[in-house]
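Novice: Pasting in a structure now, in structure tokens, and then I'll have a few things to ask.
The values are calculated or read from the model by the stated rules, or taken from the named source; none is laboratory data. Since the structure is predicted, the reported quantities are computational estimates derived from the model, not experimental observations. Note that we place each Cβ from the backbone using ideal geometry, even for glycine, and neighbour counts take in every protein chain shown.
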Protein chains: 2
Amino acid sequence: MSIDHRSHTPLYMQLADLLRDRIESDELPSGAPLPSEARLSQEYGLGRVAVRKAISVLRSEGLVTSSRGQPTRVRPRPKQRLVEILPGSTISARTPNSNERRQMDTAEGVPILEVRSPDGTVQTFPADEVALSCL
Amino acid sequence: MSIDHRSHTPLYMQLADLLRDRIESDELPSGAPLPSEARLSQEYGLGRVAVRKAISVLRSEGLVTSSRGQPTRVRPRPKQRLVEILPGSTISARTPNSNERRQMDTAEGVPILEVRSPDGTVQTFPADEVALSCL
DNA sequence: GATAATTTGTACGTATGTATA
DNA sequence: TTATACATACGTACAAATTAT
């Protein structure tokens, strides 16, 4: 379970895979801090660029959140609430751009669910908080 | 419409905003090549790191695709086909991780739509190709 | 077919800024 | 205040894939 510097798989991807495993196996549970970038650098013998790129992969997958001054943490996943939608509705999903993300205050890696009701109205929901139930 | 080096907004974000505007206004239409990283560097007086980060933002939003040896291009958006789902189905959306993306052969920035039918079966669709219609 | 030029990808190092504890 | 941690941004070098010559 370590980094192979001679592998064809990029170093950052190997590290991302390692960390993802530790998150999905709950060895790094919800809310837990990841080791700092400096620590990961030393631990695995990588430069900081590779470490940051690995973490950015996890961030874009919605698995972790980073903010200045604090350690990167495993992103707590809110319980999804069920939203009921009417027959005849159309549902689509997309990735919000940075401005939309700011407005909706959602984390990186969280898609947007869009529901177009039969009457033409459109509703949007962050996909980590909402699941849709077709009546 | 240029880069302000004294702004509080990061340079890469300013460039991402500029390029996003040019894509969404169709000045850079579907399939069109973006200027090369070297060209953007010169054009806007930025280092390559800032340029690459800007493009990575657009890639994660599903707006462009990059591959080695070829210019980064505006990602052609396939026409969505409508998939009908049964009443009682539950719909959710999520960002696939890198391995899932490889398996489903979807681009970065394309969420996955997941449908759990009343009989318990689960179907997954790339959200750029499929929209769901609730019967 | 072989070479060269172009373009993106990976990875290193360094420096400075900013938010948090 | 100090130390820690992440964010931004510069530079360099080489690898790998594609395209043009």
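Novice: Could we say that A:Glu24 is of a type in the set (Asp, Glu) and within 12 Å of DNA strand D (Cβ to nearest atom) here?
Specialist: no
Novice: Considering each of B:Ser60, B:Ser98 in turn, give the residue that is in contact with a Gly (Cβ under 9 Å, 6 or more places away or on another chain), under 21 Å from A:Asp17 (Cβ atoms) and of a type outside the set (Val, Ile, Thr).
Specialist: So the residue among B:Ser60, B:Ser98 that is in contact with a Gly (Cβ under 9 Å, 6 or more places away or on another chain), under 21 Å from A:Asp17 (Cβ atoms) and of a type outside the set (Val, Ile, Thr) is B:Ser60.
Novice: Do we find that B:Ser36 is away from DNA strand D (no atom under 12 Å from the Cβ), of a type in the set (Ser, Thr, Tyr) and within 28 Å of B:Pro78 (Cα to Cα) in this structure?
Specialist: no
Novice: Moving on. Any residue at all in the stretch B:92-100 that's more than 23 Å from B:Arg77 (Cβ to Cβ) and in a helix (DSSP H, G or I)? Let's see the steps before the verdict.
Specialist: Residues of the stretch B:92-100 more than 23 Å from B:Arg77 (Cβ to Cβ): B:99.
This time we only want the ones that are in a helix (DSSP H, G or I), so: B:99.
Yes, there is a match, as at least one residue in the stretch B:92-100 is more than 23 Å from B:Arg77 (Cβ to Cβ) and in a helix (DSSP H, G or I).
Novice: Right, another one. Which residues, counting only those in the stretch B:120-135, are modelled with pLDDT under 95 and more than 9 Å from chain A (Cβ to nearest Cβ)?
Specialist: Once the filter is applied, which keeps residues that are modelled with pLDDT under 95 and more than 9 Å from chain A (Cβ to nearest Cβ), the stretch B:120-135 yields only B:Gly120.
Novice: Being under 15 Å from the mean Cα position of the chain (by Cα), within 16 Å of DNA strand D (Cβ to nearest atom) and surrounded by fewer than 12 Cβ atoms within 10 Å (Cβ to Cβ) is true for just one of A:Gly62, A:Gly47, A:Gly31. Which residue is that? Step through it out loud before you land on a result.
Specialist: Values: A:Gly62 fails: surrounded by fewer than 12 Cβ atoms within 10 Å (Cβ to Cβ); A:Gly47 fails: under 15 Å from the mean Cα position of the chain (by Cα).
Just a single option satisfies the conditions, and that option is A:Gly31.
Novice: Continuing with the same structure: Is it the case that some residue within the stretch B:86-102 is surrounded by 14 or more Cβ atoms within 10 Å (Cβ to Cβ), of a type outside the set (Ser, Thr, Tyr) and more than 10 Å from chain A (Cβ to nearest Cβ)? Please lay out each step first, then the result.
Specialist: Step one: filter the stretch B:86-102 for residues surrounded by 14 or more Cβ atoms within 10 Å (Cβ to Cβ), giving B:89-98, B:100-101.
Remaining after also requiring of a type outside the set (Ser, Thr, Tyr): B:91, B:93-94, B:96-97, B:100-101.
After this cut, where a residue has to be more than 10 Å from chain A (Cβ to nearest Cβ) as well, the list is none.
No, there is no match, as no residue in the stretch B:86-102 is surrounded by 14 or more Cβ atoms within 10 Å (Cβ to Cβ), of a type outside the set (Ser, Thr, Tyr) and more than 10 Å from chain A (Cβ to nearest Cβ).
Novice: Still on this structure: Could you give me the residue pairs with C-beta distances under 7 Å whose first residue belongs to the stretch B:56-80 and is closer than 15 Å to B:Pro35 by Cα and within 11 Å of chain A (Cβ to nearest Cβ), whose second residue is part of a helix (DSSP H, G or I) and within 15 Å of DNA strand D (Cβ to nearest atom) wherever it lies, and which are 6+ apart or on separate chains?
Specialist: Matching pairs, first to second residue: B:Leu58/B:Ala16; B:Leu58/B:Leu19.
Novice: If you check A:Asp128 against the conditions, is it charged (D, E, K, R) and within 29 Å of B:Glu84 (Cα to Cα)?
Specialist: Answer is yes for this residue.
Novice: Please determine whether any residue of the stretch A:28-35 is touching a helix residue (DSSP H, G or I) at 6+ places or on another chain (Cβ under 9 Å), hydrophobic (A, V, I, L, M, F, W, C), within 30 Å of B:Thr124 (Cα to Cα) and within 14 Å of chain B (Cβ to nearest Cβ).
Specialist: Checked the stretch A:28-35: no residue is touching a helix residue (DSSP H, G or I) at 6+ places or on another chain (Cβ under 9 Å), hydrophobic (A, V, I, L, M, F, W, C), within 30 Å of B:Thr124 (Cα to Cα) and within 14 Å of chain B (Cβ to nearest Cβ).
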